[in-house]
1. Before we move on, is Pro162 surrounded by fewer than 17 Cβ atoms within 10 Å (Cβ to Cβ), in a helix (DSSP H, G or I), on the phi < 0 side of the Ramachandran plot and not acidic (Asp, Glu)?
2. Only one of Tyr216, Tyr248, Tyr191, Tyr261 is at pLDDT below 90 and either over 27 Å from Phe23 (Cβ atoms) or among the hydroxyl-bearing types (Ser, Thr, Tyr) (or both). Can you tell me which?
3. Just one of Leu132, Leu176 is crowded, with 21+ Cβ neighbours inside 10 Å, of a type outside the set (Ser, Thr, Tyr) and assigned to a helix (DSSP H, G or I); which is it?
Amino acid sequence: MTTPKATDSREHRPFRGIALSVFGIGCITFNDSIMKLVVNDHPIGQAIFIRGVFVLLLILLLVYRQGGLQVLRIDSLRLQFWSAVLLVLPIFLFIYALSQLPLSIATIIFFTNPLFVCLLAPIWLGERITWLLCSAVALGFIGAALVLNPTSSAFEWVLLAPLAVALLSAIRELVLRHAMACETAVSTLFYASLTVTIIAACTFPLGWVAMGWREYGLLALSACGFGLGIYSMTESLRFAAASVVAPYKYTAIVWALLLGYLFWGEAPTPVIWLGTALIIASGIAVLYGQRNAVR
């Protein structure tokens, strides 16, 4: 997901910004839950393709509202290429994880993403990392270990899929930090979504199945949730700084727990609750530590 940088015309209304951020991440988590409903009975590539078509239509509407095709200009083909390629595998992996795991578990593990960003930033961008940040990252991975519980007889290798998504998404985020300096947010979103949709179309020979109006409706609803989520999170930056709204992305876990309980009766164990608390605490500590480091 990409969001444009806030401008000087941003209104200082932090509570509205926070509300939009919470609503936006809720919409994106709702999109995940709808995809889980569909891919439980249908091929993953087919579901991603159909949702992708709906998403592209929504993006084209946004392109029209922002002034036309000039917002799709490409200044750095190399950055656009890697931004798109690095979205393909995470999308497929995460949807696969959703088809095999509880929504809440997949979401909780994915939120180790800021920890990977923190670890990779010194290597990738030459950013400084303090021992306090290292401690926060270590705490987060202890939480992830509690959620994964690799020593348990119930451990499944698919649990590593959202962890791999978190790592790949961290790499993509670092690429985007360069890309957003010269590319528009809409163009980056469009070309990445187009690439995912084309790759998903290539899975047709693997055996797509007939879908009814219910499935098409669910995928359209999923695309709307995804699009509305991105729009809301983008709008949140008009009213509050990114450093203010960023910690509220963790409300995705709350949304996932709620939707998982309502749709599938998911009920995390006390150990998973403890691991979740450690991941959230360490992630927020990393966000604030990084903010203070650049002051």
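1. Working: surrounded by fewer than 17 Cβ atoms within 10 Å (Cβ to Cβ): no; in a helix (DSSP H, G or I): yes; on the phi < 0 side of the Ramachandran plot: yes; not acidic (Asp, Glu): yes.
So Pro162 does not fit the description; no.
2. Working: Tyr216 fails: at pLDDT below 90; Tyr191 fails: at pLDDT below 90; Tyr261 fails: at pLDDT below 90.
Only one candidate qualifies: Tyr248.
3. Details: Leu132 fails: crowded, with 21+ Cβ neighbours inside 10 Å.
When all the criteria are applied, what remains is Leu176.
Conditions (1) over 30 Å from Asp41 (Cβ atoms); (2) in a helix (DSSP H, G or I); (3) aromatic (Phe, Trp, Tyr), marked per residue:
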| position | (1), (2), (3) |
| --- | --- |
| Gly217 | no, yes, no |
| Tyr250 | yes, yes, yes |
| Ile253 | no, yes, no |
| Gly260 | no, yes, no |
| Phe263 | no, yes, yes |
| Trp273 | yes, yes, yes |
| Val286 | yes, yes, no |
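The values are calculated or read from the model by the stated rules, or taken from the named source; none is laboratory data. As the structure is a computational prediction, the values presented were derived from the model and not from experiment. When we count neighbours, we look across all protein chains shown, and the Cβ atoms used for this are built from the backbone with ideal geometry, even at glycine.
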